[in-house]
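As structure tokens, the structure follows; a few thoughts come after it.
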Amino acid sequence: MTSPLEQKIRITGPSMVTANRTFDGAVIYRTASKGWSTSLSDAAVVRTAEQARSLLAESVADDLGAVGAYIAPVEIRDGGEINPGNLREYIRSRGITIDLSVPA
Amino acid sequence: MYAYDELDRTLINERVEEFRDQVRRRLSGELTEDEFKMLRLQNGVYLQLHAYMFRIAIPYGTLSSKQLRRLAHVARRYDRGYGHFTTRQNIQFNWIKLAELPDALADLAEVGIHSMQTSGNNTRNVTSDQWAGVAPGEIEDPRIWSELLRQFTTLHPEFSFLPRKFKFAITACAHDRAAIKIHDIGLRLHKNAQGETGFEVLVGGGLGRTPFIAKTIKPFVHGRDLLSYVEAILRVYNQYGRRDNIYKARIKILVHELGIEKFASEVEGEWRAMGDSALTLDDTVIEEIRSRFSYPRYEKLPHMPEELRLAARDPLFERWRRNSVSTHKMQGYAIVTLSLKPVGGPPGDASADQMDAIAELADKYSFGEIRVGHEQNLALPHVAKRDLPALWKALDKIGLATPNVNLVSDIIACPGLDYCSLANARSIPIAQELTRRFANHDTAGLIGRLHINISGCINACGHHHVGHIGILGVEKNGEEFYQITIGGRADENAELGALIGPAVPYREVADVVEDIVEAYLALRERPDELFVDTVKRLGVEPFRERVYATR
């Protein structure tokens, strides 16, 4: 399988690195302090391909802590709030969009 | 029910300990994710959007009440209190922690359940008719042969690293409830002119990005030759199947590229070369497996018990009975389908509480046995007709008496973008909205048999190609769009649906389906002309016109 670092990195706007936590699979975001957080608001935001590559490289290096790291877009709202940049990331950060209340 | 022998029990328990050690090494850093990935996949563990997903096999769709209770326990103890029944007689848990997976597997192993080969490029769970052993007109119970194949293919060294995944399905009825024509190998049990039992063997069916309906490679293979013939097919696939391109690696591509005649000739040559071998089955082997299946001791019961005659005065009961109760091979008994498609609910999901309640009802009314169908519903296969009124009331209390089996709201759907890392678009919310649009069961009854299948991506886990109405989620410029096909079917007359036009946005899907259904109601020749038959007679054009005239 091609390593994410061997793929061409192209970003069109503010981006972050996200992955799943190894021991439980929870959605996590790479932070500026070289750690992981389950909160998107803690994510390190990068704006150039070079920054993205560097953030991804350090994320992938943590093979024990995280699985499947990749770069994903974010939107920065007024006031600096970080929001998911697409539906997939919206669902990963906010949870499933469906009502699970089956009668029982 | 099939009772595992000591060999099976040992195998499953050893597998649990093997996986426990693999997980320990992964969590300690001894194994990298690259090294671990194939090991977890071979135990049915995927990594999805939010968490690990754990897929458990329910071979040929047969579960005991004890096993269902244990699945409820796993849902409650290790997951979030529910599970999702899939289109291949598996159940999936969506929120499981890797660190706890070995314990969950150990708990399941105690009741003979495992997750071996529910993923990976190997032979997957062998599926069959959920009415096996109880359907009228059945040649014989196809689970005997399904179990034989399960034993043969489990950890088979030649089949563990195939070019791509490989799926078997078996039916023994004229009406195919196992969708054998969309499987890599489909087997139809029948008898030859001499009255011997054997199989029509079909090869190369499958959906995904390149869908094909399986073709018959040999009209009759004697039962004693089943394993050798299957092995010959898999050897040819192993030798010629492509490993350079994942999208061209399934056997359906090989069959298509070689042509069925050439492929059949290669298989025949391989099979002839094998000659009489250890794979030629002797009757004692088949009888040994047959003897490990236990069957209920049915009572001699009247065709129309008094309890049923009285209950028929209740129109709600009658509506449910007509929809969800089917003829059993034994007089006085019935097969009851439990719809896992409540209005507004996610298709195929059952809560732990529901699973426990179903297990209790199975003990009380169905000799402790439950079946799982590829349509993502359950069935109680041995219900005395006198018990139907009491069963209906009990099912209604737990939300499992929705009278929509095989109707427009009995929707097959994959987990879609809400859970799946491969998906491009959501499936479940589309299904939920459609069940609300068609919530009136009288209207649904007037529409008649109509299967809607939804997939959130081209991998087609929702079998959209063979839905009477198929809905495929795609992504366009960051937005969810859906392609609509009509006229597909997964039964003995299996066909792929035809696209009706350009994809429509998420918000319009339910409106489009309503338009298609309204067009059908206006176009059908008589009330009992099924939707698929109207499409077959008229083609897609009148439906296309109706849908796109105002869009």
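Return the subset of B:Lys37/B:Lys215; B:Lys66/B:Lys385; B:Lys181/B:Lys300; B:Lys341/B:Lys364; B:Lys191/B:Lys536 for which the Cα-Cα distance in this structure is over 27 Å, preserving the input order.
B:Lys37/B:Lys215; B:Lys181/B:Lys300; B:Lys191/B:Lys536
What is the local net charge at A:Thr38, summed over the other residues whose Cβ is closer than 13 Å to its Cβ (Lys, Arg +1; Asp, Glu -1)? Intermediate values should be presented prior to the final figure.
Working: positive: A:Arg21, A:Arg30, A:Arg92, A:Arg94; negative: A:Asp24, A:Asp42.
Local charge sum for A:Thr38: +2.
For every helix of n ≥ 4 consecutive DSSP H residues, a contribution of -39,500 (n - 2.57) applies; sum these over chain A, divide by its total residues, and give [θ] at 222 nm rounded to the nearest 500 deg cm²/dmol.
-6000 deg cm²/dmol
Under 10 Å from the Cβ of B:Arg188, count the other residues' Cβ atoms, weight Lys and Arg +1, Asp and Glu -1, and hand me the total.
Working: positive: B:Lys181; negative: B:Asp176, B:Glu200, B:Glu492.
In short, -2.
If you take the Cα Rg of the range B:134-291 and divide it by 2.2 N^0.38 Å, with N the number of residues, what do you get?
Details: Rg = 15.2 Å, N = 158, 2.2 N^0.38 = 15.1 Å.
Dividing the Cα Rg of the range B:134-291 by 2.2 N^0.38 Å gives 1.01.
Evaluate peptide B:22-29: per residue, the Cβ atoms of other protein chains within 10 Å of its Cβ; return the mean as an integer.
2
Taking the Cβ of B:Thr284 as the center, what net charge do the other residues with Cβ under 14 Å away carry, scoring Lys and Arg +1 and Asp and Glu -1?
Result for the neighbourhood of B:Thr284: -1.
Of A:Arg92, B:Arg449, how do they rank once you tally other Cβ atoms within 10 Å and put the fewest first?
Fewest to most other Cβ atoms nearby, the residues stand as B:Arg449, A:Arg92.
How large is log10 I(q)/I(0) at q = 0.05, 0.06, 0.09, 0.12 Å⁻¹ when the Debye formula is applied to the Cα atoms of the protein assembly as shown, each weighted equally and without solvent?
For the requested q values the scattering log ratios are -0.23, -0.34, -0.78, -1.41.
Can you compute 3J(HN,Hα) from phi for each residue in the range B:99-112, using the Karplus curve 6.51 cos²θ - 1.76 cosθ + 1.60 with θ = phi - 60°, rounded to whole Hz and x for Gly and Pro?
So the Karplus estimates, Gly and Pro as x, are 4, 9, 4, x, 5, 4, 4, 5, 4, 6, 4, 4, 10, x Hz.
Please flag any cysteine in chain B that has no other cysteine's Cβ under 4.7 angstrom from its own Cβ.
Taking the Cβ cut-off of 4.7 Å, the unpaired cysteines of chain B are B:Cys173, B:Cys420, B:Cys457.
Kindly provide log₁₀ I(q)/I(0) values, in the same order as q = 0.06, 0.11 Å⁻¹, from the Debye equation applied to equal alpha-carbon scatterers of chain B.
Calculated log10 I(q)/I(0) at the listed q: -0.28, -1.02.
Could you tell me the relative contact order of chain B? Use alpha-carbon pairs under 8 Å, at least six residues apart, and round to a whole percent.
In percent, rounded to a whole number, it is 13.
Give me a single rounded figure for B:43-53: the average over its residues of other chain Cβ atoms within 10 Å of their Cβ.
On the way: counts 0, 0, 1, 1, 6, 3, 9, 9, 6, 7, 1.
Mean number of neighbouring Cβ atoms from other chains: 4.
Name the aspartates and glutamates eligible as straight-distance cross-link partners of B:Lys97: C-alpha to C-alpha under 16 Å, and not fewer than 8 places from it in the same chain.
Here the aspartates and glutamates satisfying the reach criterion relative to B:Lys97 are A:Asp24, B:Asp21, B:Glu33, B:Asp79, B:Asp107.
If packing is taken as the mean number of other Cβ atoms within 10 Å per residue, what is the order of B:203-216, B:276-289, highest first?
Per-residue Cβ counts within 10 Å, averaged per peptide and sorted highest first, yield B:203-216, B:276-289.
Based on a Kirkwood Rh over C-alpha pairs, give the Stokes-Einstein translational diffusion coefficient of chain A at 20 °C and viscosity 1.002 mPa s in µm²/s.
Translational diffusion coefficient: 150 µm²/s.
Kindly put A:Ser33, B:Ser146, B:Ser64, B:Ser294 in sequence by how many other C-beta atoms sit within 10 Å of each C-beta, fewest to most.
Ranked by crowding around the Cβ, least crowded first: A:Ser33, B:Ser294, B:Ser64, B:Ser146.
In whole Hz and in residue order, list the ³J(HN,Hα) couplings for the range A:52-59 that follow from phi through the Karplus curve 6.51 cos²θ - 1.76 cosθ + 1.60, θ = phi - 60°; x for Gly and Pro.
Taking θ as phi minus 60°, the curve returns 4, 4, 5, 5, 5, 4, 5, 5 Hz for the range A:52-59.
Amide H to amide H, which residues 5 or more places from B:Thr402 or on other chains are under 5 Å from it, using H placed in the peptide plane?
B:Ser339
Across 10 Å bins from 0, what is the distribution of all Cα-Cα pair distances for the range B:6-109, in whole percents?
In whole percents, the pair-distance histogram is 14, 48, 32, 5.
Within straight cross-link reach of B:Lys397, meaning Cα distance under 15 Å, which aspartates and glutamates are found once same-chain residues fewer than 8 apart are removed?
B:Asp353, B:Asp356, B:Glu360
I need the phi-derived Karplus couplings for the range A:10-18: 6.51 cos²θ - 1.76 cosθ + 1.60, θ = phi - 60°, integer Hz, Gly and Pro marked x.
9, 10, 10, x, x, 9, 9, 10, 10
Within a 10 angstrom radius of each residue's Cβ in A:63-69, how many Cβ atoms of other chains show up on average? Whole number is fine. Can you show the working numbers first?
Working: counts 8, 8, 1, 1, 7, 4, 0.
For this peptide, the per-residue mean of nearby foreign Cβ atoms is 4.
Each reported figure results from applying straightforward, stated rules to the coordinates on display, with no laboratory input. All values derive from a computational prediction rather than experimental measurement. A quick note on method: Cβ atoms are made from the backbone with ideal geometry, for glycine too, and the neighbour counts reach across all protein chains shown.
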